[in-house]
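To start, the structure itself, in structure tokens.
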Amino acid sequence: MTKMFYVSKFLKNNNMNIQLFKPKYRKEEILSEIEECLDLGWTGLGFKTTKFEEAFKKYADIPHAHHVSSNTSGLQIAIKILKDTNKWKDGDEIITTPLTFVSSNHSIVYNNLTPIFADVDDSLCLDLKSIKSKVTKKTKAVLFVGIGGNIGQYNEILEYCNQQGFKLILDAAHMAGTKINKIYHGAIQSKQQVGWDADVTVFSFQAVKNLPTADSGMICFQNKDYDSLARKLSWLGIDKDTFKRTNEKGNYKWDYDVIDYGFKAHSNSIMASMGLVGLKYLDEDNKRRREICELYDKGFNSNSKIKTIKHNPKCESSRHLYQIQVNNRDNILEYLNNNNIFPGVHYKDNTQYEIYSYGFGTCPNTHKSSNELISLPLHLFLTNKEIEYVIEKVNEAVKIWNY
């Protein structure tokens, strides 16, 4: 009997369900951080949020970082700031990807701007040639999504945006810990967290992300004034946050101005406590994710019926996702579910949704990929035996649903 037979028998006998995601929390360390908040009587904005911002700036080697309630709220605020300060008009256009979670594109619409969909390449990230074909007189920015932690053609798109005077918005929801070589005077200095060179980068620390809290995000502007404005807009346009005012002396600590309607979108010290602990282990955790992906690669390399999504070798990817493309995707998903494996799909082509249907048919590679993609289980609790079992069952399913 083969090794795979024993793996399969072991998992079935132990009634294991292999989930797509399962966040890992260092419970004792997190509770210790949260206990400090409770002892001080401060769980809101400030205190731990400030500490988390400082820790993240040091980790990423970036000048500014503002902790907000989610990646979505971060994108909404970031785009509003770019629109207002650069005097964009309602109806102006941002070129974006249709292969993303809808929040990326909703954030454009929330600001009365128009998402213009460009196609993706084999990395599932935006294709520069397609971007160029979508440019009009109304184009103001490009929104790049690093799906799965991949950078794709990011460097080339950044260069193009700089040449054309377009703002580059990096939706780094999957990219906590994705690193690329930082070049100085033609020499590689170090690997640095991706995003320092975009006009604004927005991260996600939602529960299943590589740096998990319950839900939060981080806005990272290059521009100091934009960072300052983001802090006001995330707190209803108020020009001083409550923690700072609480720690001020004098009779007027209650007094503040309101410079914009803003949003209730800042994060809090409980989320920041979780983030502070997760950040310490981010590189270690991502290393294990890459190891899992290498095992998957080896398991599928000889199967011509499975297309694996390759990550740009110029980056050290966070590997938030391990994605494959197959024909008869829904039949294969059903087969895996029947064998206690529960993958996911990232993502449905946004132009297939009614509200973005004006772009339907304009991005053929996205549409094809969207109908073939499967995201396989990828989390820190996966054992090598479980990975082998997933490989076995995916190969089985593809053989059964021959094409």
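Counting only residues that are β-branched (Val, Ile, Thr) and either under 15 Å from the mean Cα position of the chain (by Cα) or at negative phi (or both), give me the helices (runs of 4 or more DSSP H) lying completely in the stretch 118-235 with at least 1 of them.
Values: elements: 128-134, 154-164, 224-233.
Answer list for the stretch 118-235: 128-134, 154-164.
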Original post:
Are there any pairs, at least 6 apart or on different chains, whose C-beta atoms fall under 8 Å, with the first in the stretch 106-119 and over 14 Å from Ser130 (Cα atoms) and in contact (Cβ under 8 Å) with a residue 12 or more places away in the chain and the second part of a loop (DSSP other than H, G, I, E, B) and among the small types (Gly, Ala, Ser), and if so, which?
Top reply: Asn112/Gly91; Leu113/Gly91; Thr114/Gly91
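Would you list the helices (runs of 4 or more DSSP H) that sit entirely within the stretch 251-353 and hold 1 or more residues that are among the polar types (S, T, N, Q) and crowded, with 20+ Cβ neighbours inside 10 Å?
Qualifying helices (runs of 4 or more DSSP H): 269-280, 282-300.
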**OP:** From (1) touching a Cys at 6+ places or on another chain (Cβ under 9 Å); (2) of a type in the set (A, V, I, L, M, F, W, C); (3) assigned to a strand (DSSP E or B), pick out the condition that doesn't hold for Leu378.
**Re:** (3)
Subject >> Residue among Ser103, Ser69 that alone is open to solvent by 30 Å² or more (accessible area, probe 1.4 Å) and either at positive phi or touching a residue at least 12 places away in the same chain (Cβ under 8 Å) (or both) >> reply: Ser69
Original post:
Filtering the stretch 22-70 down to residues that are outside any helix (DSSP H, G or I) and polar (S, T, N, Q), which residue is nearest to Phe342 (Cα to Cα)?
Top reply: Ser70
Original post:
Any residue in the stretch 385-393 that is in a loop (DSSP other than H, G, I, E, B) and touching a residue at least 60 places away in the same chain (Cβ under 8 Å)?
Top reply: no
**OP:** Go through (1) surrounded by 22 or more Cβ atoms within 10 Å (Cβ to Cβ); (2) more than 16 Å from Val326 (Cβ to Cβ); (3) of a type in the set (A, V, I, L, M, F, W, C) and name the single condition Leu373 misses.
**Re:** (2)
**OP:** Take the stretch 261-298 and flag every residue that is within 28 Å of Thr383 (Cα to Cα) and either over 21 Å from the mean Cα position of the chain (by Cα) or acidic (Asp, Glu) (or both).
**Re:** Asp283, Glu284, Asp285, Glu291, Glu294, Leu295, Tyr296, Asp297, Lys298
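The values are calculated or read from the model by the stated rules, or taken from the named source; none is laboratory data. No experiment lies behind these values; they were computed from the predicted model shown. In this analysis, Cβ positions are derived from the backbone assuming ideal geometry, glycine residues included, and neighbour counts consider all displayed protein chains. For accessibility, only protein heavy atoms count, side chains too; no ligands or nucleic acids. Shrake-Rupley method; radii C 1.70, N 1.55, O 1.52, S 1.80 Å.
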